[in-house]
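Everything on this sheet refers to the single structure shown next.
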Amino acid sequence: MKSVGLAARFAAVVACAFLTATPAFAQFWQCAPYARKISGIQIHGNANTWWGQAAGRYERGTKPKVGAVLAMSSSRRMPLGHVAMVSRVVSDREVLLTHANWSRRGGIETDVRAIDVSAANDWSEVRVWYGPIGGLGTSSNPARGFIYSGDAPAIEQAPAPELPPVTLASAARVAVDSAVVIAE
């Protein structure tokens, strides 16, 4: 009887070890180090400092280009800002982004839709695809513009996917599983 209890405890410990094991190659990514790695733009620090740090070092502007980094400003929901690399330009008001730490903490997302919703068509307000709701975020995020790397991006380019036309939802907050979801 005693050996059965000991065997059960051993099996439980082994099962817990397998459930908590993480592959050696798994990594938790923040947006800034990941954007630096894939874009080649050598700026360090929080995302909200990238625009200012790029002045005089990198060309900056309001037109999306493949390999450029979209620099989002600080806001109440994003106190440290956010940076994401343009992986494809769909139109002058729509791009696909590759970035980290947006829909899932530490996770990487490739070719996610982002649209310019600014009145001046200058990418100062954007909506970005948000995984938990399966679509564009319901609120816009302030942005400064694009930092151009001058080099090709360090990610493999796949053929452009067919995308349905963009339809903006209301700016109401979205409830998911009884919790309010606010995009980073």
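Within region 31-52, the residues that satisfy the criterion of being in contact with a Ser or Thr (Cβ under 6 Å, 6 or more places away or on another chain) and not in a helix (DSSP H, G or I) are Gly40, Ile41. No other residue among Leu97, Leu136 is within 15 Å of the chain's Cα centre (by Cα) and at pLDDT 95 or above apart from Leu97. The set of residues in region 38-53 that are surrounded by fewer than 20 Cβ atoms within 10 Å (Cβ to Cβ) and either touching a Leu at 6+ places or on another chain (Cβ under 7 Å) or within 14 Å of Asn101 (Cα to Cα) (or both) contains only Asn46.
The set of residues in region 53-73 being part of a loop (DSSP other than H, G, I, E, B) and either free of Cβ contacts under 8 Å to residues at least 60 places away in the same chain or hydrophobic (A, V, I, L, M, F, W, C) (or both) consists of Ala55, Gly56, Arg57, Val66, Ala68. Only residues that are in contact with a Pro (Cβ under 6 Å, 6 or more places away or on another chain) and more than 18 Å from Gly61 (Cβ to Cβ) were counted across region 71-102, and they come to 1. The residues listed here are Ala84, Ala55, Ala7; of these, the one that is more than 15 Å from Arg127 (Cα to Cα) and either at pLDDT 95 or above or among the aromatic types (Phe, Trp, Tyr) (or both) is Ala55.
A quick yes/no check of all residues on (1) surrounded by 19 or more Cβ atoms within 10 Å (Cβ to Cβ); (2) in contact with a Cys (Cβ under 9 Å, 6 or more places away or on another chain); (3) of a type outside the set (A, V, I, L, M):
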site: Ala68; (1), (2), (3): yes, no, no
site: Pro79; (1), (2), (3): no, no, yes
site: Ser91; (1), (2), (3): no, no, yes
site: Ala100; (1), (2), (3): yes, yes, no
site: Val112; (1), (2), (3): yes, no, no
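The values are calculated or read from the model by the stated rules, or taken from the named source; none is laboratory data. Just so you know, these numbers come straight off a predicted model, no measurement behind them. Neighbour counts run over all protein chains shown; Cβ positions are idealised from the backbone, glycine included.
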